[in-house]
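Contents: one structure, followed by commentary.
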Amino acid sequence: MKYAYIIGSNAFVVPGKVVGYTDNGEEKEFLRINTVYHDDAPPEGQPVLDCDINITDVDGTPITVVANKLVNASSHKITLTYDSVMISRPDGSVVIHVHQLDADSAMSLEHNIVAELEVNMPVAAIRIFGDFKLGHLHILAENEKLFINGDGWGNSVLGGPNRLMFTEEGVVL
């Protein structure tokens, strides 16, 4: 099963539901998609977007979410809906927002992204926004760009046979 991760104006289509990063040469996991919701499922008993998250906010506070439950960082707030998981700081600013796009929203993205989605037919399109750290990597994902330690990525559409990884060199599939 393939998943499309939309980060900034970039799309990364990979066969796994885990997104990782490297920290001092060691591979670690920062996002795991446990379940996704389905447009055609009835509202009652419908699976929701459920994920595990392991990040640090820009102030150095570790944040761990297991099955949509915040297990540390008690001053932070988690907001859940059937299609999103958002963690915010005490001042209300977003640390990370993981949002599953519905089919119509996914198909209204930029043409190059839609073309990749049509070819690969992912199980879900997951949009990630935020300002957080993964080990020594500072990730800033905005509407138009993805920044990894200040280096910008924009308008790229990549597909690969491996899981999505954030590294000092950028994004690796």
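The values are calculated or read from the model by the stated rules, or taken from the named source; none is laboratory data. The model shown is predicted, which means the values in this text are computed figures rather than measured ones. Every residue, glycine among them, receives a Cβ derived from its backbone with ideal geometry; neighbour counts consider all protein chains shown. To get the accessible areas, we keep the full protein, side chains included, count just its heavy atoms, and leave off ligands, DNA and RNA. Shrake-Rupley method; radii C 1.70, N 1.55, O 1.52, S 1.80 Å.
Scanning for something at pLDDT 95 or above, of a type in the set (D, E, K, R) and open to solvent by 40 Å² or more (accessible area, probe 1.4 Å), does the stretch 128-138 turn up at least one residue?
yes
Considering the stretch 83-108 alone, what residues qualify as being surrounded by fewer than 17 Cβ atoms within 10 Å (Cβ to Cβ), of a type outside the set (S, T, N, Q) and closer than 20 Å to residue 7 by Cα?
Residues satisfying the conditions are 94, 97, 102, 103, 104, 107.
Hey, among the residues in the stretch 99-113 that are within 18 Å of the chain's Cα centre (by Cα) and in a helix (DSSP H, G or I), which one's nearest to residue 157 (Cα to Cα)?
That would be 113.
Does residue 112 meet the test of being under 16 Å from residue 11 (Cβ atoms) and surrounded by fewer than 18 Cβ atoms within 10 Å (Cβ to Cβ)?
Values: under 16 Å from residue 11 (Cβ atoms): yes; surrounded by fewer than 18 Cβ atoms within 10 Å (Cβ to Cβ): yes.
Taking the combined requirement at face value, the residue satisfies it.
Can you name the residue in the stretch 35-53 that is of a type in the set (Val, Ile, Thr) and in a loop (DSSP other than H, G, I, E, B) and, of all such residues, is modelled with the lowest pLDDT? Spell out the reasoning first.
To start, the set of residues in the stretch 35-53 that are of a type in the set (Val, Ile, Thr) comprises 35-36, 48, 53.
The next check asks that each one be in a loop (DSSP other than H, G, I, E, B); those that pass are 36, 48.
Details: 36: 93, 48: 88.
So, considering only residues that are of a type in the set (Val, Ile, Thr) and in a loop (DSSP other than H, G, I, E, B), the one modelled with the lowest pLDDT is 48.
Here are some conditions: (1) under 30 Å from residue 27 (Cα atoms); (2) open to solvent by 50 Å² or more (accessible area, probe 1.4 Å). Residue 51 meets all but one. Which one does it not meet?
Residue 51 satisfies all of (1) under 30 Å from residue 27 (Cα atoms); (2) open to solvent by 50 Å² or more (accessible area, probe 1.4 Å) except (2).
Which of the residues spanning the stretch 109-168 are out of contact with any Asp or Glu (no Cβ under 6 Å at 6 or more places or on another chain) and at positive phi?
If the condition is that a residue be out of contact with any Asp or Glu (no Cβ under 6 Å at 6 or more places or on another chain) and at positive phi, then 121, 130, 149, 150, 155 are the ones that fit.
Among the candidates 95, 171, single out the residue that is part of a strand (DSSP E or B) and in contact with an Asp or Glu (Cβ under 7 Å, 6 or more places away or on another chain).
Numbers: 171 fails: in contact with an Asp or Glu (Cβ under 7 Å, 6 or more places away or on another chain).
The match here is 95.
When you look at residue 79, is it out of contact with any Phe, Trp or Tyr (no Cβ under 9 Å at 6 or more places or on another chain), outside any loop (DSSP other than H, G, I, E, B) and among the β-branched types (Val, Ile, Thr), yes or no?
Working: out of contact with any Phe, Trp or Tyr (no Cβ under 9 Å at 6 or more places or on another chain): yes; outside any loop (DSSP other than H, G, I, E, B): yes; among the β-branched types (Val, Ile, Thr): yes.
For residue 79, the condition - out of contact with any Phe, Trp or Tyr (no Cβ under 9 Å at 6 or more places or on another chain), outside any loop (DSSP other than H, G, I, E, B) and among the β-branched types (Val, Ile, Thr) - is met.
Under 24 Å from residue 37 (Cα atoms), open to solvent by less than 70 Å² (accessible area, probe 1.4 Å) and in contact with a strand residue (DSSP E or B) (Cβ under 8 Å, 6 or more places away or on another chain), is that true of residue 117?
Values: under 24 Å from residue 37 (Cα atoms): yes; open to solvent by less than 70 Å² (accessible area, probe 1.4 Å): yes; in contact with a strand residue (DSSP E or B) (Cβ under 8 Å, 6 or more places away or on another chain): yes.
Taking the combined requirement at face value, the residue satisfies it.
Does any residue in the stretch 113-140 that is without any contact (Cβ under 8 Å) to a residue 40 or more places away in the chain come within less than 8 Å, Cβ to Cβ, of a residue that is crowded, with 16+ Cβ neighbours inside 10 Å and assigned to a helix (DSSP H, G or I) six or more places away or on a different chain, and which pairs are these?
114/106
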